[in-house]
Structure formats: structure tokens, C-alpha cells
1. So, in the stretch 67-94, how many residues would count as being open to solvent by less than 60 Å² (accessible area, probe 1.4 Å) and within 22 Å of the chain's Cα centre (by Cα)?
2. Take the residues in the stretch 242-254 that are within 23 Å of residue 145 (Cα to Cα) and assigned to a strand (DSSP E or B); name whichever of them is modelled with the highest pLDDT.
3. All but one of (1) more than 23 Å from the chain's Cα centre (by Cα); (2) in a strand (DSSP E or B); (3) not acidic (Asp, Glu) hold for residue 63; which doesn't?
4. Take the residues in the stretch 237-266 that are among the hydroxyl-bearing types (Ser, Thr, Tyr) and over 11 Å from the mean Cα position of the chain (by Cα), then tell me which one is surrounded by the fewest Cβ atoms within 10 Å (Cβ to Cβ).
5. Just give me the residues in the stretch 42-58 being over 10 Å from the mean Cα position of the chain (by Cα), among the hydrophobic types (A, V, I, L, M, F, W, C) and within 24 Å of residue 30 (Cβ to Cβ), in sequence order.
6. Quick check on the stretch 14-27. Is at least one of its residues open to solvent by 10 Å² or more (accessible area, probe 1.4 Å), over 22 Å from residue 160 (Cα atoms) and modelled with pLDDT under 95?
7. So which residues in the stretch 151-175 are touching a Ser or Thr at 6+ places or on another chain (Cβ under 8 Å) and open to solvent by 30 Å² or more (accessible area, probe 1.4 Å)?
Amino acid sequence: MKSFYLNNIDSSLQSYEQLIDFYYQTKNISFDTIEITLNDWFAANMSAVLGGILDEIAQINEIQIKSSNEKIISILQRNSFLSGFGYETIYDINNTTIKYLKLKPSESRYFYNYIANDLLEKIALPSMSKQLKQKISESIYEIFVNAQIHSQSEYIFVCGQFFPKKHKIEFTIVDMGIGFKKNINSRFNKNMDAAKAIEWAINEGHTTKNGIPGGIGLAVLKEFILRNKGKFQIISDDGFYELGQERKSHLLSRPFPGTIVNMQFRTDDVVSYHLRSEINLSDIF
């Protein structure tokens, strides 16, 4: 048995680096038992990141997950993440979890219904207007479609969490595909590093689709999150980009083998949204 510890995992740069380090420590382990201890805190939406990593190693290893913090285990049972690791799924009486899913890229219709039903209808969001719900739904769906079109990933991993006291939703989408840098550099014969490639991708009009105008989806999402005072993170290859109260861009010490998109939305936002364009699925990225 090989033991590993993940400490205080949330949507911070340090947590992403820690999870990437874990990936490199475990990716060459074969036919062994890997025991993971979750310490202090584990944000439920980060199940998507850990799920993508574990999918790479679980096929030839036994995975065991534990924690001395019963609240961590409880919430990961309520969002169904631990159901694949020997735990029973329990009913979420607080109605704040957004179910962990491992989806094929072809399951976009299922994902759309999941966003509408599991995220925006079943969670107690009394302060959210119908218009704000619609914008959040569009924003999340377009990120899934981006992964579907560009990542060449076998699966897409999704999970979220509603924090009623903090008035926010965190939702994370992960693929284990080719990433922004390789996709953009090969398509346009460029030599951008990963952080620059991510910045390029979120500017309006930039697209890797052949012969189709694009780029508006991520640009509208960027505008929406700025006005909502939320947060938008992309981790792809060794690039880290965050848009929120301030813009952050870093090169990571090691590349992530795919792409992570994390979105944080304020649910107490009462702004009336009239963005430059509504999202048209044929125009996404």
C-alpha cells in the first residue's frame, strides 16, 4: 500500500499545484493499493479534479479514500463522488451538493438537463433571479461544449457545490485531453506558452473552429463573471489563469494533463443582465 495526503483542498493555486503533484506521484504506480487521506478540508467541487486524476490510475490500482474529518466524507457521499470507492451515497437533506458525474463527451444533452435540474432547480436559491439562473446555466453549458469539441478527452468530469452562507456556487469541469496550448499552437502554427494560450482563447473572436466565426461564448462568460463579481479559473497544461477581483496568470511547476475550468458565481447578485450577446452554441469558442 502507498499512502498519500491531500491537505486543505479548495480552488486556490496552491491546491491545484498539490493535486498536480499527487498526479505525478501516482501516475506510474501499477497493481498496488493507493490510500488517499483528505485532511482539514476538501471543497466538494474539486471532486471533478480528483476524479479526473484517479480515472487515470484506478484502472490498474485499488483506490482507498479516507478522512478523519467526518464532514468531508459526508459531503463526498452526498455528491456521489465516493460511490465509486466503496461508500454508500447518502441523501443530501441540505440540498446544497451538485452531483459528481463522469460523462462521455457525447452526453451533452444529459449534461444540459443535469444543469437545469440538479444545479438550478433543486438547490434552494431564493435570491437568484430567473435571468441570473439562465446566464449561469448558459455559462456552464458552453464550457462543457468547449471540452466536447476541443479536448479529445474520453470523459469529462463535473461537480459543484452551493455555499448558502457565502452566497456562491462553485462549479468545476475537467477533461484529461490535449489542452489549450497544443490545440491553439498546432492550429495556428504559434509558439505560445500555456498561460498566453488561455488568455488568447478567452478573447472575443478567437476560435479554433475551421471556417466558423467563434470566440463569443468565452468572451460573454468573461463579461458576465466580471459583472457578477464571481471568479473564473482555467488550468491547462502548465498554465494557470484566474479572472476575478484581479487577473492572475502563472506558469505552474508541472503541467496538468488536461484542462480544469472552475467557475464561481455570486447567487445574491440582483444586477439586470443585458450582455453584448446571448450564447449561440454554433458560435462557442
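The values are calculated or read from the model by the stated rules, or taken from the named source; none is laboratory data. Nothing here was measured: the structure is a model prediction, and the numbers come from that model. Every residue, glycine among them, receives a Cβ derived from its backbone with ideal geometry; neighbour counts consider all protein chains shown. We work out accessible area using only protein heavy atoms, side chains counted, and drop any ligands, DNA or RNA first. Shrake-Rupley method; radii C 1.70, N 1.55, O 1.52, S 1.80 Å.
1. Here the count works out to 13.
2. Restricting attention to the stretch 242-254, the residues satisfying the condition of being within 23 Å of residue 145 (Cα to Cα) are 242-244.
From the residues that got through so far, the ones that are assigned to a strand (DSSP E or B) too are 242-243.
On the way: 242: 93, 243: 90.
Selected residue: 242.
3. (1)
4. Narrowing the stretch 237-266 to residues among the hydroxyl-bearing types (Ser, Thr, Tyr): 241, 249, 253, 259.
Still in the list and also over 11 Å from the mean Cα position of the chain (by Cα): 241, 249, 253.
Working: 241: 23, 249: 16, 253: 10.
Of everything passing the filter in the stretch 237-266, 253 is surrounded by the fewest Cβ atoms within 10 Å (Cβ to Cβ).
5. Answer for the stretch 42-58, where residues must be over 10 Å from the mean Cα position of the chain (by Cα), among the hydrophobic types (A, V, I, L, M, F, W, C) and within 24 Å of residue 30 (Cβ to Cβ): 50, 53, 54, 57, 58.
6. Here is the first cut: in the stretch 14-27, the residues open to solvent by 10 Å² or more (accessible area, probe 1.4 Å) are 14, 17-18, 21, 23-25, 27.
Filter again for over 22 Å from residue 160 (Cα atoms), leaving 21, 24-25, 27.
With the extra rule that they be modelled with pLDDT under 95, the set shrinks to 27.
Within the stretch 14-27, one or more residues are open to solvent by 10 Å² or more (accessible area, probe 1.4 Å), over 22 Å from residue 160 (Cα atoms) and modelled with pLDDT under 95.
7. Once the filter is applied, which keeps residues that are touching a Ser or Thr at 6+ places or on another chain (Cβ under 8 Å) and open to solvent by 30 Å² or more (accessible area, probe 1.4 Å), the stretch 151-175 yields 163, 164, 167, 168.
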